[in-house]
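Coordinate-derived values only; no laboratory data. What you see is a predicted model; the values in this text were computed from it and never measured. Backbone-built Cβ (ideal geometry, glycine too); neighbour counts: all protein chains shown.
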Amino acid sequence: MFRLRALLRACPPLPRADEQRLRGLLREIAQTPPGDDVLPARLGKSLMSAYEALQPPGRLGFLSILARQDVDLSTVRRSCQNLLAAEDDCRAAASLRARGALREALEPPSERIIGRLAQQPGGLRFLVAMRADLLSALAQRGPFAEAAPPSPSLSPPAAGSSAATAAAATAAAAAAEAGSVASPLRRRPPPRRPPLPRPLRRRRSPRQRPPSTRSRRPSPACGASLLAGC
């Protein structure tokens, strides 16, 4: 998009008579009512013939004029005011008409012209040829046509400074080579990883039997000892 704008901005202007004639044709095509089919056909044929008669620089000038066909801000502002007034008065029919007028005012005349040219006999072929001319001009211009002018630092050096620059470059290369020989890069061994700790084994606690609730029957020897003690 930037390259296209720069190309159309830098194209040479058309002669005054040709520019006025082309602007008049574009204005009439853009202002033609949508239901009219005879007038756009005649105007479109005249516009196609005028474009094909131009040379490549003149065709770029025509495309620059077509790209500058933008919306009219005063018409857009007036359509917005009409829409707001209709909304405040709660008039449905007036609101619909105001919305249609605002939608039509927001459409750029360049898009309206291209759309009406596409509906004419031979219009698509004309638009494809016009696109091919534009792409050819962009290809001839190149992607770096809008590059900034060279800075003073990029200008060719003087005769006296060329020898000093070459000597400095040679010394720097020799110093870099000597440094690379004197201190070669040594490959460090990879660091050793610490051994992983062994998993601790959990000791099993002895199973404790729950105390039995049954009463033990005393043996006869125990009874005899008890009697002897008494």
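Against the 2.2 N^0.38 Å scaling, with N counting residues, where does segment 86-147 land? I'd like the Cα-based Rg ratio to two decimal places.
With N residues counted in segment 86-147, Rg over 2.2 N^0.38 Å equals 1.90.
If we count every other residue with Cβ under 14 angstrom of residue 129's Cβ, Lys/Arg +1 and Asp/Glu -1, where does the sum land?
So the surrounding residues net to +1.
Any idea how far the Cα center of segment 80-104 sits from the one of segment 6-21, in Å?
Computed from Cα coordinates, the inter-centre distance equals 39 Å.
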